[in-house]
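Accompanying notes for the structure given below.
Throughout, read-outs are computed from the coordinates displayed, never taken from laboratory work. These numbers were taken from a predicted model, which means no experiment stands behind them. Cβ placement follows ideal geometry from the backbone for every residue including glycine, while neighbour counts extend to all protein chains displayed.
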Amino acid sequence: MQYGEPIIEFPFDYDEFDGAVEHTELTDIDRAVGSFFQMILDSLVVVDGNRKENEEFARFVSRERQTKLYAGEFLTPQDFLTKLTAKTGEQVKSKRNELLPVAYITRDPVVGFSEGSEYIDVTAAAMLTNAATGEKYAQVNKSFVRLTYIITTLAWSKSTLSRMALGLMMWTRHKKRGRKHVFQAETQLAGSPVQVNIELTGMLDTMAEPAEIDHESTRLYASTLRFEVISEIYEAESMSVKQGRVEVGEGKLYE
């Protein structure tokens, strides 16, 4: 054996990152939050529907779930009602009063990350692998984003408006059997299906506030409620597995 020749070689695998990253975005979270609050509104009922004060809310209870809460960006409650009326068609336009009560949800554009012992950043939380070969192709990092959603309720009477607001607040304040404050969104990350956990927080701080309405031109009433959620956000760092070797003798590392 000549001086400098390796005594033995040890192969090993290592991860090589190529710099490309992809993260889960907010659209599927928005949909999951909307479905969550749509479920809450659909759970609200009134037994004495013949009482005058309950007639409008009883009409809300009898409608299909998907017609109780809409999602979108609207300038004012009147703007929402105008667009909803246009969307429903001529037959319903003549019965515009029956479109209410109703609600719509939108997300505050402010996005921030949550801090604290329960919401820490986790680097290399998981790995994505090719289902056919089993090879790793991405490292997954996890953080927690804080989002605020605004629900605007509309009604022709104050009593109905109060009932809708109270229903939302009471449902979210009490953690009882069947009332889950953590729910999921199904999304995609780097070609793989991912389930994102979403937690409703700050329920005790929620208030119903009057929305800006021009009462000189309409008898519409509206109020807004702000709800905060903390959601998982995932990032995938593209990578591939390379093989290197260690040569014992010179102690050099070759790639």
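What's the FRET efficiency of A58 with F183 using the Cβ-Cβ distance as r and R₀ = 30 Å, to the nearest 0.05?
Result of the calculation: an efficiency of 0.60.
Which order do peptides 196-209, 141-154 fall in by mean Cβ count within 10 Å, highest first?
141-154, 196-209
Can you give me the C-alpha center-to-center distance between segment 113-155 and segment 37-92, rounded to a whole angstrom?
With segment 113-155 and segment 37-92 each reduced to a Cα centre, they are spaced 33 Å.
Assign unit charges at the C-beta atoms only (+1 for Lys and Arg, -1 for Asp and Glu), then state the dipole size of segment 115-241 relative to its Cα centre in Debye, rounded to the nearest 20.
Result for segment 115-241 is approximately 840 debye, rounded to the nearest 20.
What does a probe at E118 reach in segment 134-154, counting residues whose amide N is under 16 Å from the point 7 Å along Cα→Cβ?
Taking a point 7 Å out along Cα→Cβ of E118, the residues of segment 134-154 whose backbone N falls under 16 Å are 144-147.
Compute the Cα gyration tensor for segment 100-178, then decide on rounded, prolate or oblate, letting a ≥ b ≥ c be the square roots of its eigenvalues: rounded whenever a/c is under 1.5, prolate when a/b is larger than b/c in the other cases, and oblate in all that remain.
prolate
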